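Values in this text are rule-based calculations from the coordinates and carry no lab data. Owing to the predicted nature of the structure, the values given are computational and were not obtained by experimental measurement. As a convention, Cβ positions derive from the backbone with ideal geometry for all residues, glycine included, and neighbour counts pool all protein chains shown.
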């Protein structure tokens, strides 16, 4: 067992973990952050995307011990306000119907927030390229792209969590 200490969604946590435990497993099984979805276990789908020190990563591709001393933001922590308001990107996905079954949505939103932090006013092509590591098996991506572009126009760059 290895001791790790990190900040997850603003809360400082400390745990003993197996060195081979994936970050996605740690978040879901130890911390109950089930919004971080296990999709493929091969880093192909992006459903498990979270922010590690403010940048999007596929948490099935990161060991929990690699997050030691770092800051993780999950979909649950993205809109952590006392009022329970949605993050502007979450709100745009809701408004523009950027989801169908919802399985990929947390990872899509986390990737979109990172994309908009890097490119506050992306073109449609830049959105498609920036989101290409996240797969959706239900939609044709039209409303996902529309949601990201709407978030960009309504927030002047999608606020970073």
Reported set for segment 1-32 where residues are over 16 Å from residue 62 (Cα atoms), assigned to a loop (DSSP other than H, G, I, E, B) and touching a helix residue (DSSP H, G or I) at 6+ places or on another chain (Cβ under 8 Å) is 9, 10
How many residues of segment 56-67 are in contact with a helix residue (DSSP H, G or I) (Cβ under 8 Å, 6 or more places away or on another chain) and assigned to a helix (DSSP H, G or I)? The answer is 5
Report task. State whether the residues of segment 103-113 include one that is surrounded by fewer than 21 Cβ atoms within 10 Å (Cβ to Cβ), closer than 14 Å to residue 50 by Cβ and in contact (Cβ under 8 Å) with a residue 40 or more places away in the chain. Result -> no
Suppose the filter is under 15 Å from the mean Cα position of the chain (by Cα) and free of Cβ contacts under 8 Å to residues at least 12 places away in the same chain; does residue 86 pass it? yes
Within segment 112-151, the residues that are out of contact with any helix residue (DSSP H, G or I) (no Cβ under 7 Å at 6 or more places or on another chain) and under 17 Å from residue 35 (Cβ atoms) are 114
Those residues of segment 41-56 which are in contact with a strand residue (DSSP E or B) (Cβ under 9 Å, 6 or more places away or on another chain) and either surrounded by fewer than 21 Cβ atoms within 10 Å (Cβ to Cβ) or more than 28 Å from residue 118 (Cβ to Cβ) (or both) amount to 41, 43, 44, 52, 53, 54
